[in-house]
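Below is one structure, written out as structure tokens, with a few remarks after it.
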Amino acid sequence: MELEFKKFGINGEGIAYSGKKTVFCPGVLPGETAEVRITEENTSFLRAEPVRIIKASPKRRRSRLSAEERCEGCALALLSYPDQLQVKKQLLAETLWKYGHVRSHFIRDVHASPHRSHYRTACKLPVHDFHGQLVNGMYEPGTNHFQVIRDFISHTPALEKQRLRALDILNRHRMKAFDARTGHGIRYLVIRALQDQTQITLVTGKDQLPADMIRELCGDDEQRAVFQSINDRKKSAAVFGTPARLLAGPDALCAEIGNIRIMLAPEAFFQLNSEQAAELYRTAIAKVDPCGRLVEAYCGAGAMSLMAADKAEEVIGIENVREAVENAAENARLNGVDNARFLCADAAAGLRRLVQEKAVDTLLVDPPRSGLDDAMIEAIMAADIRKIIYVSCNPATLGKNLKILKQRYQVRTVIPFDMFPQTPHIESVTVLERG
């Protein structure tokens, strides 16, 4: 089938039309004509794969995607970086209008990433046997097909060095990949390499790891630690199983972001593009006016709460993961912040409890990709909060949330950040004020 493609889809795929049906096809740019093969047919749309490009866009880069880029869904890698930023802004504008009726003039230009590649400071990679050797790789999108990847171009040099070193040691000690039938073996290799410090977590079955291998993994580097998490479930979408147990080295990694230091346990969330994350956090905090009470929901290890501590008389973080709450409290002590406390609770329940005690002036939220749930939206709408700063990693759920919040709040600005170059993903900081 030969089709002319008109625009990008939200996932960076090309969109064309066949009769009354929309056709989604990755690897084709707007303005291109391509011969495609239909791979899936539904009542209202078709999915396809390109056979050959008949008429190429002048914006197409003359380079092929690496195996990593194909698995990561790096649909925008076909474009120059300035063109990628324009597409991301356009997709954000279209999505916010579609779901939230937010006009495009509120959306600023995208903050470019300092690095187009080699920006990831952490990885969580499956481990497989390949010709008798343990290897890392990724699963091709929408399939169970494992693609071996020798060189991860998204990793910082430090992270890639530690990954290759760890794999070499595992192979020399003749470790095996996880076997669901026996419940033994190495399942995932989780590494964080940040600011000259390294955390290595081996996610395994019910294995007793050799002490000499652990010593070798840790080496003579005082800033390298080794952990183990046991995940022996036959079918599990989660990477970690049991809480990570320290086997050797320091029990937490100390990272500097903005004007604070935070201790990170292996499971603790921290942005993969740490340089860009620091800029995003600074921008979000800059939008906080001096106030009496600042609440951050989904606060994780408390980075933004602590960065904003001098903006408020009292700062309270809400997080439903107890280990993260304990981590946040430790980070407050580490930075000498005495006006911040952290509450272990569901975001909605925690906010409702806090507004009953005392008014909340400013709310900072950084929810998961699913956005604010109905209970949290109801809690916000019932509270008398003057200002909301919403950090989002999903334009669709942001738009849906804004559609409701706009009943009581006015959107002042939307500031996008490119955290993942080459992909269609976009993060943003949205500022809302009570209308």
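The values are calculated or read from the model by the stated rules, or taken from the named source; none is laboratory data. Since this is a predicted model, take the numbers as computed values, not measurements. Here Cβ is always computed from backbone atoms with ideal geometry, including for glycine, and neighbour counts include all displayed protein chains.
For this structure, a couple of remarks:
- Residue count for the range 223-256 under the criterion of being part of a loop (DSSP other than H, G, I, E, B), farther than 28 Å from Thr182 by Cα and among the acidic types (Asp, Glu): the result is 1.
Residue by residue, here is whether (1) under 18 Å from Leu354 (Cβ atoms); (2) in contact with a Gly (Cβ under 9 Å, 6 or more places away or on another chain); (3) not aliphatic (A, V, I, L, M) holds:
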{"residue": "Leu280", "(1), (2), (3)": "no, no, no"}
{"residue": "Asp289", "(1), (2), (3)": "no, no, yes"}
{"residue": "Arg293", "(1), (2), (3)": "yes, no, yes"}
{"residue": "Met304", "(1), (2), (3)": "yes, yes, no"}
{"residue": "Met307", "(1), (2), (3)": "no, yes, no"}
{"residue": "Glu319", "(1), (2), (3)": "yes, yes, yes"}
{"residue": "Ala328", "(1), (2), (3)": "yes, yes, no"}
{"residue": "Ala332", "(1), (2), (3)": "yes, yes, no"}
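- Subset of the range 232-242 that is surrounded by 15 or more Cβ atoms within 10 Å (Cβ to Cβ) and over 21 Å from Arg369 (Cα atoms) - its residue that is farthest from the chain's Cα centre (by Cα): Asp232
- Scope the range 55-71; condition modelled with pLDDT of 80 or more, among the aliphatic types (A, V, I, L, M) and within 28 Å of the chain's Cα centre (by Cα); matching residues: Ala67
- Filter pass, Arg245 being assigned by TED's automatic domain parsing to the domain that holds Arg181, basic (Lys, Arg) and surrounded by 18 or more Cβ atoms within 10 Å (Cβ to Cβ): no
- So Phe5, is it closer than 20 Å to Asn394 by Cα and surrounded by 14 or more Cβ atoms within 10 Å (Cβ to Cβ): no
- Here Leu253 meets each of (1) closer than 29 Å to Ser117 by Cα; (2) out of contact with any Gly (no Cβ under 8 Å at 6 or more places or on another chain); (3) surrounded by fewer than 18 Cβ atoms within 10 Å (Cβ to Cβ) with one exception, condition (3).
- Any hit, the range 278-293, residues being within 26 Å of Ala158 (Cα to Cα) and hydrophobic (A, V, I, L, M, F, W, C): yes
- Residues in the range 396-435 that are of a type outside the set (A, V, I, L, M, F, W, C), outside any strand (DSSP E or B) and in contact with a strand residue (DSSP E or B) (Cβ under 7 Å, 6 or more places away or on another chain) were compared, and the one that is nearest to Ala349 (Cα to Cα) is Arg408.
- Of note, Arg282 does not satisfy the criterion of being basic (Lys, Arg), part of a strand (DSSP E or B) and within 19 Å of Val337 (Cα to Cα).
- Scoring Arg352 on the criteria (1) in contact with a strand residue (DSSP E or B) (Cβ under 8 Å, 6 or more places away or on another chain); (2) surrounded by fewer than 22 Cβ atoms within 10 Å (Cβ to Cβ); (3) over 30 Å from Asn11 (Cα atoms) leaves a single failure, condition (1).
- Selected residue (criterion: modelled with the lowest pLDDT) from residues of the range 138-177 that are among the polar types (S, T, N, Q) and closer than 25 Å to Glu13 by Cβ: Thr143
- Residue in the range 64-83 that is touching a residue at least 12 places away in the same chain (Cβ under 8 Å), in a strand (DSSP E or B) and crowded, with 18+ Cβ neighbours inside 10 Å present: no
- Residue in the range 359-372 that is out of contact with any Ser or Thr (no Cβ under 6 Å at 6 or more places or on another chain), crowded, with 16+ Cβ neighbours inside 10 Å and without any contact (Cβ under 8 Å) to a residue 60 or more places away in the chain present: yes
- Set Arg215, Arg150, Arg187: member being among the basic types (Lys, Arg), free of Cβ contacts under 8 Å to residues at least 40 places away in the same chain and not in a helix (DSSP H, G or I): Arg150
- Of the residues making up the range 301-319, at least one is polar (S, T, N, Q) and either surrounded by 15 or more Cβ atoms within 10 Å (Cβ to Cβ) or within 20 Å of Leu280 (Cα to Cα) (or both).
- Residues in the range 8-39 that are under 27 Å from Cys393 (Cβ atoms) and free of Cβ contacts under 8 Å to residues at least 24 places away in the same chain were compared, and the one that is nearest to the chain's Cα centre (by Cα) is Gly9.
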